[in-house]
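S.K.: Before I ask anything, here is the structure I am working with.
The values are calculated or read from the model by the stated rules, or taken from the named source; none is laboratory data. These numbers were taken from a predicted model, which means no experiment stands behind them. Backbone-built Cβ (ideal geometry, glycine too); neighbour counts: all protein chains shown.
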Amino acid sequence: MLNTTSTADISFMLLILFLVTTSMDIDKGLSRQLPPQNPTEEEQPMDVKEGMVLKLELTEDNQLLCEGEPLPLNGLRQRVETHVLKAGKDHVVQLQAHRRASYDMYFQVQNELVAAYGALRNQQARRRFGHSYARCSDEQQAVLREAIPQRISEIYQSEEGGHP
């Protein structure tokens, strides 16, 4: 007959070892303010001058269009940076994604947009404060967010294909 009294102790120790040494993945997402589910008051449309809007479209076949022209994903960051610097604080980046576009491509586009704003804020932080945006104090980061606001507008299509 085998003595199995220490088997439970060994199993328990291995369980603790694996729990302590395993890293837990934290879900990451996009920071976006969504419209209220039941709006109590009608949103007022905002007048934007013609040259202030950069129109991006993600098509059904995952092709990215900028102002109606094809744009490779690796060129999006530079295009957004150029537009934001040219248009200033009143710029708008308008993204229209087709319902059948893949989530992967959508998130890649979103990552490039956020990276463009991050690069611009880093450049501004180095110019103004002598170090990167991440090393800025909360007050300095607020100044930079005010100087370079992240203004991304998304257009959603209804089931019939029109706009809501």
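S.K.: Does the stretch 83-101 hold any residues that are in contact with a strand residue (DSSP E or B) (Cβ under 9 Å, 6 or more places away or on another chain) and closer than 14 Å to residue 59 by Cβ, and which are they? Let's see the steps before the verdict.
M.R.: Kept after step one, since they are in contact with a strand residue (DSSP E or B) (Cβ under 9 Å, 6 or more places away or on another chain), are these residues of the stretch 83-101: 83-84, 87, 91-98, 101.
95, 96, 97, 98, 101, listed by residue number.
S.K.: Residues in the stretch 34-45: is at least one at pLDDT 90 or above, more than 22 Å from the chain's Cα centre (by Cα) and outside any strand (DSSP E or B)? Spell out how you get there, then give the answer.
M.R.: Here is the first cut: in the stretch 34-45, the residues at pLDDT 90 or above are none.
No, every residue in the stretch 34-45 fails to be at pLDDT 90 or above, more than 22 Å from the chain's Cα centre (by Cα) and outside any strand (DSSP E or B).
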